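Just below is one structure, and these are the notes that go with it.
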Amino acid sequence: MAFQEFNDTGYWGKPTATIDWCEKNYEVNYYVAEMWNTISNLMMIIPPLWGIWDMKKQKFAQRFFFCYSFILVVGFGSLAFHMTLLYEMQLFDELPMVWGTCYCVYCLSIVKHDMKSKIIPNKLLLLTLIIISIGFAIIYLAWPQPLLQHFCYGILVAISLAQEIKLILEFKCAVCKRMFIVAIALYLFGFFLWNIDNILCKNITILREHIPMFLQPFTQMHAWWHIFAGYGVYIQVLFCIHSTYDYHKKYKHSSVLLPEHMYFSIRWQKTTKTGDCCSSAVNDLGQSTFHLSSALL
């Protein structure tokens, strides 16, 4: 991860973070080191705030509050990091990424657990993930190498994706499958742009110097990573909610839990079709997916 050749000093002083991204520092505003990388984090702040309000309104299990809360913490941490490029704010971003993914792994492992039970399920895995979270934080503070954080986070993301695939194969739920496809497509596209930002930074910088100023924000690949990855992770929480409630069949078989509003909400809807509610709603969800794809294009 190479530093930029340009490191102009603004309000927050000289960057102390171990990483500097491809956006020119303090180019737009004296008080914000990386303007576009900063404001793009709204995608990890506004949706989880909506998600928290929505899950409270629909009285979903409390575990999902913490799922949204971790996304929110990462959003604020990343915003603070890119605004200041200070090492302390970098930790505010990177540590919760690992902790939140650990919690996601745990939630996916207890989909079948009775939500009304007061017994803490899968205690061994929970203890293991807590130890991993604490151990990672201690090691990373002592040895602040970005590749360590990237590796640990990547392994945990891969585990969570494997859990989701396992649930899809076991439940044979078409809604879960479609939500997973949309979420993973958004996330992987964001990850692709993240790599473009790292590998082709010099080329992108040269390009920005030869295009109109109003087009330059669209070349901020790391900002697009925030948007697409944040969207994908948000949908993964909806996946976890849907798979949990679909398994327990808490509601009548005449109702099905479906994503709405471009996958920003999930609602119980009536269906007149017989058979598995999850499978019977494929056509409606397919139409929603088509609208989302059209909007992205």
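The values are calculated or read from the model by the stated rules, or taken from the named source; none is laboratory data. Every value quoted in this text rests on a predicted model; they were computed, and no experiment measured them. Here the Cβ is made from the backbone with ideal geometry for all residues, glycine too, and neighbour counts use every protein chain on show. Quick note on the areas: whole protein, heavy atoms, side chains included, nothing else; ligands and nucleic acids left out. Shrake-Rupley method; radii C 1.70, N 1.55, O 1.52, S 1.80 Å.
Against the definition (under 18 Å from GLY232 (Cα atoms) and open to solvent by less than 10 Å² (accessible area, probe 1.4 Å)), how does TYR68 come out, yes or no? Give the derivation first.
Values: under 18 Å from GLY232 (Cα atoms): yes; open to solvent by less than 10 Å² (accessible area, probe 1.4 Å): yes.
When the stated conditions are applied, TYR68 passes them.
Of the listed requirements (1) more than 19 Å from TRP224 (Cα to Cα); (2) outside any helix (DSSP H, G or I); (3) open to solvent by less than 20 Å² (accessible area, probe 1.4 Å), LYS59 misses just one: (3). Within the stretch 93-140, the set of residues being within 22 Å of PHE76 (Cβ to Cβ), without any contact (Cβ under 8 Å) to a residue 24 or more places away in the chain and charged (D, E, K, R) comprises just one member, ASP93.
Looking across the stretch 104-134, the residues that are assigned to a helix (DSSP H, G or I) and surrounded by 15 or more Cβ atoms within 10 Å (Cβ to Cβ) come down to CYS104, VAL105, TYR106, CYS107, LEU108, SER109, LEU126, LEU129, ILE132, SER133.
Within the stretch 18-34, does at least one residue satisfy the condition of being assigned to a loop (DSSP other than H, G, I, E, B), at positive phi, surrounded by fewer than 18 Cβ atoms within 10 Å (Cβ to Cβ) and modelled with pLDDT under 95? Scanning the stretch 18-34, I find no residue that is assigned to a loop (DSSP other than H, G, I, E, B), at positive phi, surrounded by fewer than 18 Cβ atoms within 10 Å (Cβ to Cβ) and modelled with pLDDT under 95, so the answer is no. Restricting to the stretch 78-93, name every residue that is more than 13 Å from the chain's Cα centre (by Cα) and assigned to a helix (DSSP H, G or I). Of everything in the stretch 78-93, those that are more than 13 Å from the chain's Cα centre (by Cα) and assigned to a helix (DSSP H, G or I) turn out to be LEU79, ALA80, PHE81, HIS82, MET83, THR84, TYR87, GLU88, MET89, GLN90, LEU91, PHE92.
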